[in-house]
């Protein structure tokens, strides 16, 4: 029996970013709401920890050996279509090659890896890799999946003429209270909380946020900055050192990676969510904050222009001064007005980003690639358009 769509990625541990949160529910909703079964194959090292419910996951060793290649080949042969997540990684390149060998169509989601900021990081290696393999892999995809309209432009700027469909991340609106988080971190009880949540990495602007907080913290003595997430490439020690140099070490808390109910409880406990990122595909953390009815302060690189249009937060440049100004405005806003701003964000999520909607969109794309009707929920963008 066919396994439907096989979703292939390099890692599924939350320490590697938002795919661990977005891909399992995408697969579940594609099956439940869209009627198209989906499974996951992830290349993971032994240290990776994750729990996935309601979706079949094949855990492949990260070291590519003949037995591993054969195992992946069997998974691909048993599927109708392969969905490759991410770029610049040997496992995804292998997946594209095995898909072509098996005569299976594949689609690709770049997940922000063609963002200008991302391309500048290690640009010479990426230029060589793309010339040899990556561009060919992308050009042979039956369809490219973009999370945002901006990502469509990133594909085109990379010279790709494939059909592109925009299917965003989704989110389930939670029912959570602040109690679990505050009981887990009692030092934060009685404080207003400014929350950053995501990998602690320079790309996401935690240094920008700490510098901004240093300029306004004294005006809000009852407020604490919470920088939550896993350390990535030893960035967290540098952020702590920066906070100490700015004289605000005691005004910044680092609770580490928050999972499951504890994550949602932290969002329920915060006054405002901040992500001054330099580059995002489509921020899962920002989407979760909006779903939690929290005002957000985001950079334009988070690709949520609706936040400004729907007045559910602030869009500011990822620089200390504009972030500080937005923080000041948010923390000086009366509580009732903040609740109205948060409710507008949650309404936006219900309208556009529920998993039922996203699951049906993705299932339509898969069926179209396999020769079915043109999708009705998501336009297919061709180069001629």
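The values are calculated or read from the model by the stated rules, or taken from the named source; none is laboratory data. If you're wondering where the values come from, they're calculated on a predicted model, not measured in any experiment. Cβ: placed from backbone, ideal geometry, glycine included. Neighbour counts: every protein chain shown.
With the requirement that a residue be farther than 13 Å from residue 311 by Cα, at pLDDT 95 or above and under 27 Å from the mean Cα position of the chain (by Cα), what does segment 330-353 give you? Answer for segment 330-353, where residues must be farther than 13 Å from residue 311 by Cα, at pLDDT 95 or above and under 27 Å from the mean Cα position of the chain (by Cα): just 331. Restricting the search to segment 278-287, which residues are in a helix (DSSP H, G or I) and either buried (at least 24 other Cβ atoms within 10 Å of the Cβ) or not assigned by TED's automatic domain parsing to the domain that holds residue 337 (or both)? The answer is 285, 286, 287. Restricting segment 219-246 to residues that are modelled with pLDDT under 95 and surrounded by fewer than 17 Cβ atoms within 10 Å (Cβ to Cβ) leaves a set whose member that is farthest from residue 191 (Cα to Cα) is 233.
Going by what's in this entry, would residue 331 be described as under 30 Å from residue 31 (Cβ atoms), outside the structural domain of residue 18 (by TED's automatic domain parsing), part of a helix (DSSP H, G or I) and touching a strand residue (DSSP E or B) at 6+ places or on another chain (Cβ under 9 Å)? Taking the combined requirement at face value, the residue does not satisfy it. Residues that are touching a helix residue (DSSP H, G or I) at 6+ places or on another chain (Cβ under 9 Å), assigned to a helix (DSSP H, G or I) and at pLDDT 95 or above within segment 184-203 comprise 184, 188, listed in sequence order. Reported count of residues in segment 186-211, each being on the phi > 0 side of the Ramachandran plot and either free of Cβ contacts under 8 Å to residues at least 12 places away in the same chain or more than 24 Å from the chain's Cα centre (by Cα) (or both), is 1. Go through segment 304-321 and give me each residue that's free of Cβ contacts under 8 Å to residues at least 60 places away in the same chain and not in a helix (DSSP H, G or I). Listed by number, the residues that qualify are 304, 305, 310, 311, 312, 313, 314, 315, 316, 317. Identify all residues within segment 150-178 that are assigned to a helix (DSSP H, G or I) and in contact (Cβ under 8 Å) with a residue 60 or more places away in the chain; write none if there are none. Residues satisfying the conditions are 150, 151, 152, 156.
For residue 328, the criteria (1) surrounded by fewer than 22 Cβ atoms within 10 Å (Cβ to Cβ); (2) free of Cβ contacts under 8 Å to residues at least 40 places away in the same chain; (3) farther than 24 Å from residue 186 by Cα hold in every case but one, which is (2). Residues in segment 138-149 that are buried (at least 21 other Cβ atoms within 10 Å of the Cβ) and assigned to a helix (DSSP H, G or I): 1 in all.
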